[in-house]
Amino acid sequence: MTTTEIIATDAGDARITWHRARQPRLVLALGHGAGGGVEARDLQALARVLPGHGVSVALVEQPWRVAGKKLAPPPKTLDTGWRGIWPALARPGLPVVSGGRSAGARVACRTATGLGAHAVLALGFPLHPPGRPEKSRADELLGAGVPTLVVQGGADPFGRPAEFPEGPHELVEVPYGDHGFAVPKRAAITQQEALDVLTDAVVSWAGSLG
């Protein structure tokens, strides 16, 4: 069952598209990146798969996307939008896992403790700008303060799995995947197999959360 609602926040109106489980035990909220929306392949794959495993998925469109703007606002504004949709996510009375891809993963990490998130799912965490490893954002990831799963493409120019620091997070690699988990046609796995690695990892991790 899929439903959509508009939520007023201090950053403008956000949109939540719910993909509900029949008997949910968790809510997984997923925000998009700075260069795209909730149509991203990883977000859509999770929205298809997770409800069958007792996890309702809420795909969250930040106010700037709802307003039709081309460029994402500064991080503080993204955090404001995310905080504004949180009461709607918590309304079912279930533990809420805060998540997202790329910039959305950063938002989830920065706000997790303050919002009382049950855990964080970071998809394609942008550890640094491409070619600029000295501009590390590791402090955001390491500061999430709750159980955290990172799913990272093996060829992600924003941070390959081997570049990630040791910390209290788990990390799963999607072989050959780029920042959007796309794999080359010559890769040893298909695009669907790459997405299966991602969704299988999240299903397993979500099942382990108390």
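The values are calculated or read from the model by the stated rules, or taken from the named source; none is laboratory data. Everything quoted here is computed from the prediction, not taken from an experiment. We place every Cβ from the backbone using ideal geometry, glycine too, and count neighbours over all the protein chains shown. When the accessible area is computed, the model is the full protein with side chains, heavy atoms only, and any ligands, DNA or RNA have been set aside. Shrake-Rupley method; radii C 1.70, N 1.55, O 1.52, S 1.80 Å.
Annotations for the structure displayed:
- Computed E for GLU163/ARG48 - FRET, C-beta separation, R0 22 angstrom, nearest 0.05: 0.15
- Summing +1 for each Lys or Arg and -1 for each Asp or Glu among the other residues whose beta-carbon sits under 12 angstrom from that of SER56 gives +4.
- Carbon plus sulfur fraction of accessible area for the chain, probe 1.4 Å, in percent: 53
- The peptide list 57-64, 199-206, put in order of mean Cβ contacts within 10 Å with the highest first, becomes 57-64, 199-206.
- Positive minus negative residues near ASP13 (Lys, Arg vs Asp, Glu; Cβ under 12 Å): -1
- Remark: relative contact order (the chain) = 16 percent; criterion is Cα-Cα distance under 8 angstrom and separation of 6 or more residues.
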